[in-house]
Amino acid sequence: MLNAINQTARRIPAYTIYIAGIALAAWVIFSSLSTPDPAKVLERTLGTRGLQILIATLCITPLRWYGVNLLKFRRALGLMGFMFIALHLTTWVVLDLALRWSEILTELTKRPFIIVGMLAFVALIPLAVTSNNAMIERLGALRWKRLHWLAYPATLAGAVHFVMIGKVYTLESALYFAAVAGLLIARRLKARKKALQTA
Amino acid sequence: MSYLPEYTPADVTPPQMFLNRRALIAGAAALTVASPARAGSPYSTDEVPNTFEDITTYNNYYEFGYDKADPAAYAGKLKTDPWSVVVDGLVDNPGTYSLSDLIAGQPIEERIYRFRCVEAWSMIVPWQGFQLSGLLQKLGVQAGAKYVAFETIVRPDEMPGISGSMIDWPYREGLRLDEAMHPLTIMATGLYGKPMPNQNGAPIRLIVPWKYGFKSVKAIVRISLVAEQPVTTWNTLAANEYGFYANVNPEVDHPRWSQASERRIGGGLFAGRIDTVKFNGYGDQVASLYTGQDLTKDY
Ligand code: HEM
């Protein structure tokens, strides 16, 4: 079973993720058009898909502990997650708040859920910028690894942002939050175990 | 249906004619057409209504689920016939009324109103209904009554959103008596000349066009006249976010978003926003109800 997954993965080139991601974004935009409130539907769908892809990216490392090797897809997945969140932000600025800059500024300073979302987005920017071989070389593997640990707090902030939006607390947003928190804790426990073993 | 008396299909403005309402009115004025065919209510807006599809597929009705598409998907299961409404509290004629008895004698007319949701979107809806004031007169409001409280039906078997939600059902709303008696306040039994679709609150719902949509309680099964300000659902869930009055007011933000502007449904992806008007544009008629009240406190 594991072998089958790994072998299939070996045969699929990593750029498939980019093609699938861009196709999914196009589909999300297209299917929003026929809804009564397309700007809001698009904004929310992009946010949800972005969060899902970021969580999938964080799953690659723990999957390796269990022998599933999808490492070669991680960069593409992370970048696609970032693309969805960037589109989510663009939709908010251009289509939802419709470039009403004074209102946008008020929202960015006054609304805790927007501020948390923005912090998450800002934290993702250095990760996106350094997701290429040249940058890994320039930073060195250790510093690059340390920097990319930011993916955890950034995704967690994205999930917190989702929880904060609800008019009522929904199980859905709580599950996303639990998933990211679980991944973060699993990662920490693993790191501690490793430290103990090497000590 | 029996609860749409005095309202035959011939009276109904067909949907496609709504688009030309402005032109029709202008034309009628120019020609001074003699035919008194269904003059529009002076309380109606001449803005172009949203499509039937928009109005019936984008609904907040948490008894059917949190998603705005859920009511259209699941509300078909709700049985609205037979229907009865309990009238109690400080009234001369309390009792359990069948829907047709309750609304018997109330003149049903079309009211095209702006509808502004607390979530900063809005629509134009051609409702059919009658003034709540007429019903309250029939029921006989007693001297001590100061508020009207409403409750929505609770049928977990027919309303899949009820179980597993943290809301303490039934959905409750209320109005001050002067708000309830205002001629803009209607009990609606239909829209676009059709019986009220289930997802829009069939068979009978409240419409208070100068307040956020959540005040306009759907599928009413209880009307109580009371002396004290009634407990209301959203106010109980988050008192700092949803006040009892809930008048549309661009100057008072919801803590999590601005109320200064709104997305008008139906304009497509690039529709943008329009400025929100205090009292949803009905200030000339209703602002006087609140003289002396600080609406930043009584939000
Ligand atoms: C990592 C960053 C982010 C993630 C993971 C994220 C994720 C999400 C998710 C999952 C939703 C809820 C979708 C739903 O209700 O189905 C959402 C909604 C939303 N997000 Fe974000 N978001 C992020 C950043 C931002 C930023 C930077 C902004 C704007 C500055 C923003 C503004 C919004 C808005 C306005 C909504 C819709 C709220 C509503 O329902 O009206 N988000 N986001």
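The values are calculated or read from the model by the stated rules, or taken from the named source; none is laboratory data. Everything numeric in this text was worked out from a predicted model, so none of it was measured. Note: ideal-geometry Cβ built from the backbone for every residue, glycine included; neighbour counts use all protein chains shown. Just the protein is used for accessible areas: all its heavy atoms, side chains included, with ligands, DNA and RNA removed. Shrake-Rupley method; radii C 1.70, N 1.55, O 1.52, S 1.80 Å.
For the structure I just gave you, tell me whether A:V41 is part of a helix (DSSP H, G or I), within 12 Å of another protein chain (Cβ to nearest Cβ) and open to solvent by 40 Å² or more (accessible area, probe 1.4 Å). Write out each step before concluding.
Working: part of a helix (DSSP H, G or I): yes; within 12 Å of another protein chain (Cβ to nearest Cβ): yes; open to solvent by 40 Å² or more (accessible area, probe 1.4 Å): yes.
Considered against the rule, which asks whether it is part of a helix (DSSP H, G or I), within 12 Å of another protein chain (Cβ to nearest Cβ) and open to solvent by 40 Å² or more (accessible area, probe 1.4 Å), A:V41 comes out as yes.
Got a number for residues in the stretch A:6-16 being in contact with a helix residue (DSSP H, G or I) (Cβ under 9 Å, 6 or more places away or on another chain), assigned to a helix (DSSP H, G or I) and more than 25 Å from A:L150 (Cα to Cα)?
Of the stretch A:6-16, the ones in contact with a helix residue (DSSP H, G or I) (Cβ under 9 Å, 6 or more places away or on another chain) are A:9-10, A:12-16.
From what's left, assigned to a helix (DSSP H, G or I): A:9-10, A:15-16.
After this cut, where a residue has to be more than 25 Å from A:L150 (Cα to Cα) as well, the list is A:9-10, A:16.
Selection size over the stretch A:6-16: 3.
What number of residues within the stretch A:102-127 satisfy the criterion of being farther than 17 Å from B:E119 by Cα, more than 11 Å from the ligand (Cβ to nearest atom) and in contact (Cβ under 8 Å) with a residue 12 or more places away in the chain?
1
Go through the residues of the stretch A:17-36 one by one and say whether even a single one is surrounded by 16 or more Cβ atoms within 10 Å (Cβ to Cβ), more than 15 Å from the chain's Cα centre (by Cα), within 15 Å of the ligand (Cβ to nearest atom) and not in a helix (DSSP H, G or I).
Yes, the conditions are met somewhere in the stretch A:17-36.
With the condition kept exactly as written, say whether any residue in the stretch B:256-272 is more than 14 Å from every other protein chain (Cβ to nearest Cβ) and among the small types (G, A, S).
Going through the stretch B:256-272, the residues more than 14 Å from every other protein chain (Cβ to nearest Cβ) turn out to be none.
Scanning the stretch B:256-272, I find no residue that is more than 14 Å from every other protein chain (Cβ to nearest Cβ) and among the small types (G, A, S), so the answer is no.
Each row is one residue, and each column tells you yes or no for (1) buried (at least 20 other Cβ atoms within 10 Å of the Cβ); (2) of a type in the set (V, I, T).
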| residue | (1), (2) |
| --- | --- |
| B:D81 | no, no |
| B:T96 | no, yes |
| B:W121 | yes, no |
| B:W127 | yes, no |
| B:G134 | no, no |
| B:D168 | no, no |
| B:M187 | yes, no |
| B:P197 | yes, no |
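Of all residues in the stretch A:161-185, how many are within 14 Å of chain B (Cβ to nearest Cβ) and within 11 Å of the ligand (Cβ to nearest atom)?
Filtering the stretch A:161-185 down to residues within 14 Å of chain B (Cβ to nearest Cβ) leaves A:161-175.
From what's left, within 11 Å of the ligand (Cβ to nearest atom): A:161-167, A:170, A:172-173.
The number of residues fulfilling the criteria is 10.
Of the residues that sit in the stretch B:274-285 and are farther than 15 Å from B:F115 by Cβ and in contact (Cβ under 8 Å) with a residue 40 or more places away in the chain, which one is farthest from the other protein chains (Cβ to nearest Cβ)?
Kept after step one, since they are farther than 15 Å from B:F115 by Cβ, are these residues of the stretch B:274-285: B:275, B:278, B:283-285.
Narrowing further to those that are in contact (Cβ under 8 Å) with a residue 40 or more places away in the chain: B:283, B:285.
Numbers: B:G283: 22, B:Q285: 28 Å.
Among those residues, the one meeting the criterion is B:Q285.
Looking at the stretch B:48-134, what strands (runs of 3 or more DSSP E) fall wholly within it and have at least 3 residues that are polar (S, T, N, Q)? Give the derivation first.
Values: elements: B:84-89, B:95-98, B:109-116, B:121-131.
The qualifying strands (runs of 3 or more DSSP E) are B:121-131.
Can you name every residue in the stretch A:102-145 that is in a loop (DSSP other than H, G, I, E, B) and of a type outside the set (G, A, S)?
Going through the stretch A:102-145, the residues in a loop (DSSP other than H, G, I, E, B) turn out to be A:111, A:130-132, A:140.
Matches in the stretch A:102-145: A:R111, A:T130, A:N132.
Which one is farthest from the other protein chains (Cβ to nearest Cβ) among residues in the stretch A:49-69 that are more than 12 Å from the ligand (Cβ to nearest atom) and among the small types (G, A, S)?
That would be A:G67.
Might you let me know whether the stretch A:70-86 holds any residue that is surrounded by 14 or more Cβ atoms within 10 Å (Cβ to Cβ), within 14 Å of chain B (Cβ to nearest Cβ) and among the charged types (D, E, K, R)?
From the stretch A:70-86, those surrounded by 14 or more Cβ atoms within 10 Å (Cβ to Cβ) are A:70, A:72-86; that's our starting set.
Subset that is within 14 Å of chain B (Cβ to nearest Cβ): none.
Taking every residue of the stretch A:70-86 in turn, none turns out to be surrounded by 14 or more Cβ atoms within 10 Å (Cβ to Cβ), within 14 Å of chain B (Cβ to nearest Cβ) and among the charged types (D, E, K, R).
So A:L156 clears everything in (1) within 14 Å of chain B (Cβ to nearest Cβ); (2) touching a helix residue (DSSP H, G or I) at 6+ places or on another chain (Cβ under 6 Å) except one condition, right? Which one?
(1)
Which is more than 13 Å from the ligand (Cβ to nearest atom) and either within 14 Å of chain B (Cβ to nearest Cβ) or not in a helix (DSSP H, G or I) (or both), of A:L99, A:L46? So that I can check it myself, show each step before the final result.
On the way: A:L46 fails: more than 13 Å from the ligand (Cβ to nearest atom).
After ruling out the rest, the residue left standing is A:L99.
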